[in-house]
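A.B. asks: Sharing a structure with you now.
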Amino acid sequence: MIITSERLTLEKITPLRISRGTSSNSVNLFVTVEHEGICGFGELAPNSVSGDTAETGEADIESLRPALNAMAPWELDRIEGALRALDSTASGMEGVGSGGAVKAAIEMACHDWLGKKLGVPVWKLLGLERARIVETSVTVGIQSPTDAAIQTRDWHTRTGAQVLKIKLGSSDGIEADQAMFAAIQEAAQTFSKPAIFRVDANGGWSVADAQKMIPWLAARGVEYVEQPLEQGNEDGLSALRPAVIPIFLDETIRVAADVPRVASRIDGVNVKLMKCGGLREALRIIAVAKAHGLKTMLGCMGETSLAITAGAQIGAAFDHLDLDSHLNLKNDPFIGADWHEGKVIPSDSPGLGVTQR
């Protein structure tokens with residue numbers, strides 16, 4: 001198979017600020033796998049969790065090219081084995097590898113190719129039921145209470161979304177978090193039906209902050225809290241147990257091997273293709289998480305409709321979804337999964353069902 005790549009410069013409608021910083025644009029990598037006259041598409045979204053950038057992705061593809069050129073896109077076991085050449089334990093975390101996003105890009109392109117070759121969508125290829133897909137959340141980043149309220153109303157006006165994922169962990173402290181959350185909750189009173197609130201601190205709280213914020217949020221109807229403590233402070237999670245609402249982990253868990261060591265201290269895991277390395281590893285994480293009695297959610301990085309649609313192919317396997325990054329782009333270069341009543345629904349088209357604008 002022949003692998004090519006192209007950089008995509010993307011701009012957000014609303015810059016996204018989380019506890020670690022602000023993002024207003026990105027350079028993603030569009031990956032094409034060609035074999036037997038069929039092209040499969042994949043995408044790399046840069047992120048600090050896996051460490052991928054468009055530049056590192058291009059370099060990784062070049063280093064893997066000799067091995068991958070000798071394979072066909074349907075040889076997913078062999079391809080995954082070749083991609084393990086990117087693995088690194090530099091972070092000191094068991095099971096963590098580098099290059100999660102470039103692995104995801106190549107693997108989703110191969111799944112797209114295989115679905116097109118067989119004439120079936122990937123979700124059918126994997127034996128999943130599209131009807132089981134739940135509503136996705138849309139994200140409100142850290143900002144002033146006034147601006148947060150404006151974005152909340154704008155999300156609902158543009159998309160009709162009822163599920164809000166609110167980024168907290170402000171550098172201004174938990175008082176600022178509380179003021180912003182209250183403004184969002186008030187703005188959501190204008191929605192056509194009651195809003196659902198979820199919170200992601202992106203590791204922005206100390207143990208003491210989390211001990212105050214989690215009960216405060218629970219009293220205001222928040223469904224769950226994600227990554228309350230900084231990655232690397234997993235021992236601190238014990239101080240938050242028992243929790244009055246579920247605690248999910250995101251940055252701490254990249255691949256399936258990361259789940260068992262923290263399973264007793266959490267209630268759920270956030271899976272992302274860009275950090276775990278693709279659809280196959282995402283399904284492994286689900287299996288390990290469920291074996292430990294944990295809930296699962298599928299999230300996203302700064303992805304276009306291409307990678308979002310790839311995630312939607314396995315969306316039916318998750319308890320919760322957060323597939324909204326494409327809805328915050330000024331210049332999404334792809335058309336993919338449908339947005340219907342708050343859900344991201346993959347089509348019946350072969351492969352991923354994504355086309356270029």
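A.B. asks: Can you work out the Karplus-derived ³J(HN,Hα) for every residue in the range 235-252? Use 6.51 cos²θ - 1.76 cosθ + 1.60 with θ = phi - 60°, whole Hz, and x for glycine or proline.
C.D. replies: 4, x, 4, 4, 6, 9, 9, x, 9, 6, 9, x, 10, 10, 10, 10, 4, 5
A.B. asks: Taking H placed 1.01 Å from N in the peptide plane, check which residues at least 5 places from Leu321 or on another chain put their amide H under 5 Å from its amide H.
C.D. replies: Counting only residues 5 or more places away or on other chains, the set is Ser137, Leu298.
A.B. asks: Quick check: net charge around Leu298, other residues with Cβ under 12 Å of its Cβ, Lys/Arg +1 and Asp/Glu -1? Let's see the in-between values first.
C.D. replies: On the way: positive: Lys272, Lys275, Lys295; negative: Asp250, Glu303, Asp319, Asp322, Asp324.
Net local charge, Leu298 excluded: -2.
A.B. asks: Now a separate question. Can you sort Glu175, Glu251, Glu281, Glu226 so the residue with the fewest Cβ neighbours within 10 Å comes first?
C.D. replies: Working: Glu175 9, Glu251 20, Glu281 23, Glu226 27.
So the ranking, lowest neighbour count to highest, is Glu175, Glu251, Glu281, Glu226.
A.B. asks: Please state the relative contact order of the range 124-356 as a whole percent: Cα pairs under 8 Å, 6+ residues apart? Each step should come with its number before you reach the end.
C.D. replies: Working: 453 pairs, mean separation 45.3, N = 233.
Over the range 124-356, the number comes to 19 percent.
A.B. asks: A further question on this structure: If amide H atoms are built 1.01 Å from N in the plane of the peptide, which residues on other chains or at least 5 residues away come under 5 Å of the amide H of Arg17?
C.D. replies: The answer is Ser23, Gly141, Ile142.
A.B. asks: If you don't mind, there's one more thing I want to ask. For the chain, what does the helix formula give at 222 nm: sum of -39500 (n - 2.57) over DSSP H segments with n ≥ 4, over the residue count, nearest 500 deg cm²/dmol?
C.D. replies: Numbers: 10 runs with 113 residues, N = 357.
When only DSSP H runs of four or more count, the value is -9500 deg cm²/dmol.
A.B. asks: Okay, next question. Take each of the peptides 37-46, 319-328, average the number of other beta-carbon atoms within 10 Å over its residues, and list them starting from the highest.
C.D. replies: Values: 37-46: 24.0, 319-328: 22.2.
Highest-to-lowest ranking by the protection proxy: 37-46, 319-328.
A.B. asks: How would you rank 339-350, 123-134, highest first, on the average number of other Cβ atoms within 10 Å across their residues? Please list the in-between numbers first.
C.D. replies: On the way: 339-350: 17.2, 123-134: 15.3.
Top to bottom by mean Cβ count within 10 Å: 339-350, 123-134.
Quick note: the coordinates plus some simple rules give every number you see, no bench work behind them. Predicted model only: the values in this text are computed from it and were never measured. Quick reminder, even Gly has a Cβ in these numbers, built from the backbone with ideal geometry, and neighbours come from all protein chains shown.
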